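Written out below as structure tokens is the structure these notes cover.
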Amino acid sequence: MQGQTRHLWRDVTLFDGLQQRPGPMAVVVAGERIESVVPMAELDRLDHAGVIEAGRGGVMTPGLVDCHTHLVFGGHRADEFEQRLEGVDYETIARNGGGILSTLRATREASEHDLFQAAAPRLQAMINDGVTTVEIKSGYGLNLADELKMLRVARRLGEDFPVRVVTTLLAAHAVPPEYADDSDAYIDLVCREILPAAAREGLADAVDVFCEHIAFSPAQCERVFAAARQHGLPIKAHVEQLSNLGGAALAARYGALSADHVEYLDEAGIAAMKQAGTVAVLLPGAFYTLRETQQPPVDALRRQGVPIAIATDANPGSSPLFQPTLMLNMACTLFRLTPQQALAGMTAHAARALGSNAYGRIADGARADLCWWDLQSPAELAYAVQPGRLRQRIFNGEVTHG
Ligand code: NIG
Ligand code: FE
């Protein structure tokens, strides 16, 4: 297109975790999209008159996609970290009014401005680590005003930072104190007021639930899924994190984009996910923080061909970890993914867990969301946890880092 700036990276090793591209490659970006990806030997056949040389050598990957975060929240939970070190477990803390409910109090007290200010450095850290798309959930407001407040903050972060923010309504995250004795009445509120308002105001791109003994039953989650469907919103679900309630199979029946955590997932759940095209989102940061020992069924997921995504689950309780590249390392070390699988899990498969294939890939016509790394070989990205290796981050065709 005339007037569109075109940039060329030459002699790069391309690594998207999906396909092997032996030998050095050339990547041309025109405006907001990837125009062409060719082996260096074929560069001459491209019309690259007037193209600006943007870089040579190194490793190029898609921009990282963190498809599961709780980045907007008030306060912190360092006190619970100390309690857990003394042997009190996550569920016990939650049952005693801590956990999500502790963050609920701090989040309700915070203004939109406060929440934005608190989330901004976390988001900046992720951007500096190579993130170009991040999903952000609500779930610490648990009433109409405070859930919408969280989603507005998430939207504003996406407007003010060079990153794509995808929002998810997680009003069914925990039973708020006002409904302690009547969680069904809270689900009524979610389905009749909070979800419709979020949909009406265009604040949510998807709807999520926490299906667990300490949160909501499968029957309650199903009501939320039905309401989401009525409002045309796709669903996701926190399932089989602490026990197996069959939440993944239920979510898959509603065509869920993803089922997340899934340490306790069984064969029936995997088969249902495969049939529905639901992505399994593994969250090694929560596994590590909670000292979980039940491994997610990685081999069975692979055998069935269920796509596996990796995310930070960045949140103040179960995963206060805001470094996506650390998750690549943890996915390999803790879950035995290969570096290629881990990267696919934080790019193409993560994009799919957000319902998109427009980004997260290095291919002609895809969005030019890219990372150019100071590395010699792709596996180094997951192998070492070493900040400072990102030379350039390209978001929507614009170099925003390096
Ligand atoms: O993904 N599982 C439930 N929700 C979050 C934890 C939220 C919290 O502890 O604040 C998770 O692990
Ligand atoms: Fe989560």
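Which residue is surrounded by the most Cβ atoms within 10 Å (Cβ to Cβ), if the candidates are limited to the range 109-127 and must be without any contact (Cβ under 8 Å) to a residue 40 or more places away in the chain and closer than 18 Å to residue 156 by Cα?
Top of the filtered list is 110.
Are any residues in the range 362-392 free of Cβ contacts under 8 Å to residues at least 24 places away in the same chain and touching a Ser or Thr at 6+ places or on another chain (Cβ under 9 Å), and if so, which ones?
Of everything in the range 362-392, those that are free of Cβ contacts under 8 Å to residues at least 24 places away in the same chain and touching a Ser or Thr at 6+ places or on another chain (Cβ under 9 Å) turn out to be 386, 389.
Could you grab me the full set of residues in the range 226-246 that are touching an Asp or Glu at 6+ places or on another chain (Cβ under 6 Å) and under 21 Å from residue 355 (Cβ atoms)?
Answer for the range 226-246, where residues must be touching an Asp or Glu at 6+ places or on another chain (Cβ under 6 Å) and under 21 Å from residue 355 (Cβ atoms): 236, 238.
I'm checking my understanding of the structure. Among residues of the range 53-74 that are surrounded by fewer than 17 Cβ atoms within 10 Å (Cβ to Cβ) and modelled with pLDDT of 95 or more, which one is farthest from ligand 2 (Cβ to nearest atom)?
56
So, in the range 1-45, how many residues would count as being surrounded by 12 or more Cβ atoms within 10 Å (Cβ to Cβ), of a type outside the set (Lys, Arg) and closer than 15 Å to residue 365 by Cβ?
13
Only one of 321, 390, 375, 334 is more than 30 Å from residue 76 (Cα to Cα) and among the aliphatic types (A, V, I, L, M). Can you tell me which?
Of 321, 390, 375, 334, the one residue that is more than 30 Å from residue 76 (Cα to Cα) and among the aliphatic types (A, V, I, L, M) is 375.
The values are calculated or read from the model by the stated rules, or taken from the named source; none is laboratory data. All of these numbers come straight from a predicted model, not from anything done at the bench. Virtual Cβ from ideal backbone geometry, glycine too; neighbours counted across all protein chains shown.
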